[in-house]
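For reference, the structure discussed in these notes is given below.
The values are calculated or read from the model by the stated rules, or taken from the named source; none is laboratory data. None of the values given here were measured: they were computed from a predicted structure. All Cβ positions, glycine included, derive from the backbone under ideal geometry; neighbour counts span all protein chains shown. Protein only, heavy atoms only, side chains kept; ligands, DNA and RNA dropped before computing areas. Shrake-Rupley method; radii C 1.70, N 1.55, O 1.52, S 1.80 Å.
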Amino acid sequence: MRHAESQANLDGMWNGRTDGPLSEAGESSLEALGRRLSSWKFDAVISSPLSRARKTAEAFTREVQIEEDFTEVDLGVWEGMLYTEVQEKHGDQLQAAIETRTLRMGGTGESLNEVGERALNAVDRLFARMGDSERVAVVTHGGFLQAVLHRHLAGDDRRVHAFTANTGIIRLVHQFGRIRLASFNDTGHLGPRSPVVDAHMAAGDKVITLIRHGQTKANLERRWQGRGDWDLDETGRRQAAALGHWYGRHPTVYTSPLKRAASTAQHVALNGVVAVEDFMEIHMGEWEGMTTEEIAKKWAADMEKIYRDGMDLPRGTTGETWAQLTQRFAAAITALEHGDSGPTVAVAHGGAIRSYISSLTKTNDTHSESLFTPANTSLTHVAITEQGPEILDYSVSTHLEALQ
């Protein structure tokens with residue numbers, strides 16, 4: 001997670017390796033963060049050596065391990081300068097450092113490639129020394145997290161995701177031999193809509209809220225639902241009710257016509273819902289309703305071609321490819337009509353949402369495996385800006401913590 005707001009953040013100052021105090025708002029935010037994380041069980045808590053990170057970590061634990069590798073970017077001679085001043089006096093040099101990723105920040109600092117190598121090596125080494133089922137919290141910095149996110153949400157000629165908010169939580173999960181992004185910019189302890197969402201809406205940008213449906217019996221049994229029309233189970237109904245209570249009701253709500261999505265949508269809709277056929281989950285063909293074990297036993301060769309060799313074959317012989325899902329769902333999102341107030345809410349499915357978010361990046365990952373499937377009833381916000389869609393957060397499900 002990123003540290004709480006510092007005075008330098010508030011003043012618009014670049015404070016890479018320079019130490020300094022939290023702002024008054026940063027100090028106040030620690031209570032909400034500490035209250036939320038007090039129920040989370042961590043096997044270790046690690047902090048950057050800088051006091052703004054260490055003090056944030058101390059809001060939810062008494063045992064903090066300091067590790068230098070998680071410190072902020074070295075900004076060279078730009079340390080302590082206002083961002084506007086850097087833009088005015090060194091704008092060309094800054095742009096070159098960003099575009100090439102090889103020029104040092106501030107002439108004598110780190111290059112973005114060097115930051116990326118340091119950050120990813122630190123994360124990879126941490127996972128390598130963790131035992132199975134262990135959970136570790138790391139309190140670090142925005143520039144460091146930007147480097148980590150570049151592995152999962154890389155843009156082509158621009159940054160396609162919002163900068164991580166102060167106290168924003170990012171979750172990484174090691175699964176199937178790789179590190180996957182499970183959530184991004186989770187500031188649920190500050191309220192159901194993050195400051196970055198409110199900022200985009202205040203600027204006049206349209207914002208889309210993508211919600212995955214609540215839990216079904218098939219989810220619990222680890223069955224591949226696809227177009228199977230399962231409704232919510234008892235836990236799913238409680239999740240959807242908690243979502244509605246936390247996120248409120250909205251005037252513009254679209255939904256997949258499948259029961260599990262439509263039932264979830266009713267909890268966030270103010271004026272009813274509009275069913276969109278292309279919001280349905282990927283068609284799994286003959287795999288519909290089967291467990292992974294059952295599929296692997298009967299279609300072992302197809303499973304290896306798809307998930308080991310990266311071939312994007314139709315699922316279950318007669319279903320869709322991942323590329324077909326991505327194209328269909330992205331086109332449906334683009335065609336939405338937005339209301340005049342509040343975000344436009346779309347309730348859909350885990351694979352569909354994951355495919356769309358991945359499509360906004362420059363990843364060449366055939367099945368969007370760099371992303372973990374969003375949690376049931378989780379929220380993902382995307383702003384429609386003049387430069388293109390911007391991912392504001394991913395798979396935020398703070399409302400479910402009270403149910404656990």
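The number of residues in the stretch 52-82 that are of a type outside the set (Asp, Glu), part of a helix (DSSP H, G or I) and either open to solvent by 30 Å² or more (accessible area, probe 1.4 Å) or farther than 30 Å from Leu37 by Cβ (or both) comes to 5. Would you be able to say whether some residue in the stretch 214-226 is aliphatic (A, V, I, L, M) and either within 21 Å of the chain's Cα centre (by Cα) or open to solvent by 20 Å² or more (accessible area, probe 1.4 Å) (or both)? Yes, there is a match, as at least one residue in the stretch 214-226 is aliphatic (A, V, I, L, M) and either within 21 Å of the chain's Cα centre (by Cα) or open to solvent by 20 Å² or more (accessible area, probe 1.4 Å) (or both).
Looking across the stretch 270-292, the residues that are among the small types (Gly, Ala, Ser) and over 14 Å from Gly319 (Cα atoms) come down to Gly272, Ala275.
Test Asp302 against the criterion of being in contact with a Phe, Trp or Tyr (Cβ under 6 Å, 6 or more places away or on another chain), farther than 18 Å from Ala154 by Cβ and surrounded by fewer than 23 Cβ atoms within 10 Å (Cβ to Cβ), and give yes or no. When the stated conditions are applied, Asp302 does not pass them.
Could you count how many residues in the stretch 363-401 are assigned to a strand (DSSP E or B), among the β-branched types (Val, Ile, Thr) and over 30 Å from Asp309 (Cβ atoms)?
Residues that pass the stated criteria total 4.
Sub-8 Å Cβ pairs linking a first residue in the stretch 128-156 that is within 10 Å of Arg2 (Cβ to Cβ) to a second residue that is exposed (fewer than 14 other Cβ atoms within 10 Å of the Cβ) and not hydrophobic (A, V, I, L, M, F, W, C), at least 6 apart or interchain, number zero. For Gly20, state whether it is open to solvent by less than 50 Å² (accessible area, probe 1.4 Å) and either in contact with a strand residue (DSSP E or B) (Cβ under 7 Å, 6 or more places away or on another chain) or assigned to a helix (DSSP H, G or I) (or both). Taking the combined requirement at face value, the residue satisfies it. In the stretch 31-51, which residue that is free of Cβ contacts under 8 Å to residues at least 60 places away in the same chain and not charged (D, E, K, R) is surrounded by the fewest Cβ atoms within 10 Å (Cβ to Cβ)? Looking at residues that are free of Cβ contacts under 8 Å to residues at least 60 places away in the same chain and not charged (D, E, K, R), I get Ser38. Looking at Gly319, Gly310, Gly342, just one residue is touching a Ser or Thr at 6+ places or on another chain (Cβ under 6 Å), open to solvent by 10 Å² or more (accessible area, probe 1.4 Å) and either small (Gly, Ala, Ser) or not in a loop (DSSP other than H, G, I, E, B) (or both), and that residue is Gly310. Restricting Ile353, Ile295 to residues that are among the aliphatic types (A, V, I, L, M), under 17 Å from the mean Cα position of the chain (by Cα) and part of a helix (DSSP H, G or I) narrows the list to Ile353. The residues listed here are Gly191, Gly177; of these, the one that is within 18 Å of the chain's Cα centre (by Cα) and surrounded by fewer than 17 Cβ atoms within 10 Å (Cβ to Cβ) is Gly191. The set of residues in the stretch 232-249 being surrounded by fewer than 16 Cβ atoms within 10 Å (Cβ to Cβ) and not in a helix (DSSP H, G or I) consists of Gly248, Arg249. Taken as a whole, the condition of being closer than 20 Å to Glu369 by Cα and touching a strand residue (DSSP E or B) at 6+ places or on another chain (Cβ under 7 Å) does not apply to Ile208.
Does at least one position in the stretch 267-280 carry a residue that is in contact with a helix residue (DSSP H, G or I) (Cβ under 6 Å, 6 or more places away or on another chain), among the acidic types (Asp, Glu) and under 19 Å from Arg227 (Cβ atoms)? Checked the stretch 267-280: at least one residue is in contact with a helix residue (DSSP H, G or I) (Cβ under 6 Å, 6 or more places away or on another chain), among the acidic types (Asp, Glu) and under 19 Å from Arg227 (Cβ atoms).
What residue, among those in the stretch 90-139 that are hydroxyl-bearing (Ser, Thr, Tyr) and either in a loop (DSSP other than H, G, I, E, B) or on the phi > 0 side of the Ramachandran plot (or both), is surrounded by the fewest Cβ atoms within 10 Å (Cβ to Cβ)? Among those residues, the one meeting the criterion is Ser133.
Regarding Thr264, is this residue modelled with pLDDT of 95 or more and in contact with a helix residue (DSSP H, G or I) (Cβ under 9 Å, 6 or more places away or on another chain)?
yes
Conditions tested, residue by residue: (1) in contact with a strand residue (DSSP E or B) (Cβ under 9 Å, 6 or more places away or on another chain); (2) closer than 18 Å to Val123 by Cβ.
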{"residue": "Ser29", "(1), (2)": "yes, no"}
{"residue": "Arg35", "(1), (2)": "no, no"}
{"residue": "Asp43", "(1), (2)": "yes, yes"}
{"residue": "Thr71", "(1), (2)": "yes, yes"}
{"residue": "Asp74", "(1), (2)": "no, no"}
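Taken as a whole, the structure places Glu85 among residues that are closer than 16 Å to Asn15 by Cα, of a type in the set (Asp, Glu) and part of a helix (DSSP H, G or I). If the condition is being more than 22 Å from Asp198 (Cβ to Cβ) and either of a type outside the set (S, T, N, Q) or buried (at least 21 other Cβ atoms within 10 Å of the Cβ) (or both), then the stretch 369-399 contributes Glu369, Leu371, Phe372, Ala375, Asn376.
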